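Just below is one structure, and these are the notes that go with it.
The values are calculated or read from the model by the stated rules, or taken from the named source; none is laboratory data. The model shown is predicted, which means the values in this text are computed figures rather than measured ones. Positions of Cβ are backbone-derived with ideal geometry, glycine not excepted, and every protein chain shown enters the neighbour counts. Heavy atoms of the whole protein, side chains included, go into the accessibility calculation; ligands, DNA and RNA do not. Shrake-Rupley method; radii C 1.70, N 1.55, O 1.52, S 1.80 Å.
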Amino acid sequence: MPKTRHRKNATAKGRVDLIVEHAKQLLTIKGFTERPASGAEMSRLGIIEDGAVAVQGSRIVAVGITSEIRREYSAKKTLDAKGKVVLPGFVDAHSHFVFAGSRENELEMKISGKSYMEIMAAGGGILKTVRETRSISKKELIAICIERSRKMLQNGTTTVEAKSGYGLTLEDEIKSLEVIKHLQERGPLSVVPTFLGAHAVPPEYEKSPSDYVSQICENWIPKIAKSKLATFCDVFCEKGVFEIEDSRRILESGKKAGLLPKIHADEFYALGGAELAAEVGAVSADHLLYASENGLTRMKEANVIAVLLPAASLTLMIDKYADARKMISSGLPVALGSDFSPSCWLENPQTVITLACFKLKMAPAEAVVASTINAAHAVKQAHDVGSLEPGKRADILILDAPDFRFLGYRFGSNLVDTVVKNGRVAVSDGRLQI
Ligand SMILES: [Zn+2]
């Protein structure tokens, strides 16, 4: 693809709405729209020095060296990125940010050595959040989630996958999915909806968990799919929660109704979640701390993307991380997500990149690819976002940094200076404009 679109009449300049120009490094991350980057490709950022992006409406029309873009286009508005890094908006491939309440008390429990499963067995964890999420109205939940979305946007996330899973009744799951739909329609972010009714077994079904699975498969999934409230169907496949048999049933029911499968796999035990992901043709398998060699091989053969969530390991205090190096060297495409949830309150995708570098031993370039184009593939949005290429949505970040490796290296503050979302400046000088 040419760097710029050449016009027939070289003397007549095209007029566009916006040009971002003079980027010290413009990371295009081009060439991976059809399939995710894997292996050595994960280090390929497609950097243009003194780069520029031309935007018309909500779309990118041209990407190239500033002098070339300037020869072709004039703009109503110009953003000078001199000395700075320009890259596509981050895509968060895995989040649970639609919830009420908070669980800061569990930090002390974790520090004293209580495990995730022990906290859950004591009535904390997911079930506490379920009670709190059920108790508030859709309107209240929308207001909470808009605030969180604004924070995520300010930190550079422009597309986020959002799961239900704190309702666990049909009515409350639909409430969460309608909140996600509201955010999808009104912004400020692009949101991809996932139904996660199989997040935990609710107290009402404590004595008959298989009835809960039947309820999800036979009643909820058809209704949710028919109302077009979800793109994906996910399951928390874990020992003592939804084991392989139940997970298979849920994902197959989802597929039958038109929902694409995703799976929380092998986070605490080597249960065979990675193998199941391959078997059902999941779009992604997420966590994968204990995934078997065979499971990872089968995932690669079945084109399942590995979504890694290093902040989950950090906040669970389990000192065990997915083997990203092995996955990348074996050619399995890796994406990253925040796992934003009440036990991992993380609104900043730059922190995920830092953790990917320091804990997963991913190079900054790999972590950037995993947080943009590969994450876009993991949520089936790569046709639209994840790279700076003509035709894609104009979701563009300007970082107040002279080199992309400041992502990972300089952490704890927000490096995002400007966010262009759908072609419009949503964050300027680090401050929200919307
Ligand atoms: Zn999760």
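Numerical summary
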| read-out | value |
| --- | --- |
| Spherically averaged projected area in nm², based on the convex hull that wraps the Cα atoms of the range 207-314 | 6.8 nm² |
| Dipole in debye (nearest 20) - the range 271-371, about Cα centre, beta carbon charges: Lys, Arg +1; Asp, Glu -1 | 260 debye |
| Between the range 305-367 and the range 88-142, the Cα center-to-center distance that results, in Å | 19 Å |
| The range 71-210: relative contact order as a whole-number percent, Cα under 8 Å and 6+ apart | 27 percent |
| Pair Lys380, Ala363: separation of 7 Å Cα→Cβ label points (nm) | 3.3 nm |
| Among Ala12, Ala426, Gly386 the positive-end extreme of the charge dipole of the chain (Cβ point charges) | Ala12 |
| Sequence-distant residues sharing a close amide H with Arg59 (under 5 Å, placed H) | Ala394 |
| Residue-normalised accessible area of the chain, expressed per residue, 1.4 Å probe, Å² | 39 Å² |
| Nonlocal amide H pairs with Leu18, under 5 Å, H built at 1.01 Å | Val55, Lys76, Lys77 |
| For the range 111-122, 3J(HN,Hα) per residue [Karplus equation, 6.51 cos²θ - 1.76 cosθ + 1.60, θ = phi - 60°, Hz, x = Gly/Pro] | 4, 7, x, 6, 8, 3, 5, 5, 5, 5, 5, 8 |
| Added length on full extension, which subtracts the Cα-Cα distance from 0.36 nm per residue, Glu132 to Met317 | 64.1 nm |
| Residue-wise HN-Hα coupling along the range 34-39, computed from phi with Karplus coefficients 6.51, -1.76, 1.60 (Hz; x: Gly, Pro) | 7, 8, x, 6, 9, x |
| Per-residue HN-Hα couplings for the range 418-423 [Karplus 6.51, -1.76, 1.60; θ = phi - 60°; Hz; x = Gly/Pro] | 9, 10, 9, 10, 6, x |
| Length added when fully stretched, Asn105-Glu293, from 0.36 nm per residue minus Cα-Cα | 64.0 nm |
| Tail weight of P(r) past 18 Å, computed on alpha-carbon pairs of the range 145-216, percent | 44 percent |
| Long-range HN-HN contacts of Asp417 with modeled amide H, under 5 Å | Ile398, Leu399, Asp400 |
| Where labels lie 7 Å past Cα in the beta-carbon direction, separation of Lys256 and Ser208 in nm | 2.0 nm |
| Options Ala270, Ile142, Ile126, ranked by Cα towards positive dipole end of the chain, top entry (Cβ charges) | Ile142 |
| Radius 13 Å from Cβ of Gly113, net charge of other residues (Lys, Arg +1; Asp, Glu -1) | -2 |
| Listed residue (Ala367, Met327, Thr351) projecting farthest to the positive dipole end of the range 319-381, Cβ model | Met327 |
| Exposed-loop-free span, longest in the chain, where GluC sites (Glu not before Pro) count as exposed if DSSP calls them loop and at most 14 other C-beta atoms lie within 10 Å | 207-434 |
| Kirkwood-based Rg to Rh ratio, the range 1-159, C-alpha trace | 1.17 |
| Cα-derived Rg over Rh, computed across the chain with Rh taken as Kirkwood radius | 0.98 |
| Modelled label reach - Arg186, point 7 Å along Cα→Cβ, the range 125-143 residues with backbone N closer than 15 Å | 137-143 |
| Label-zone membership for the range 169-184, site Lys223, 7 angstrom Cα→C-beta point, backbone N under 11 Å | 169-175 |
| Trypsin sites (Lys or Arg not before Pro) within the range 217-299: DSSP coil, no more than 11 neighbouring Cβ in 10 Å | Lys228 |
| The chain, accessible surface, carbon-and-sulfur percent (1.4 angstrom probe) | 50 percent |
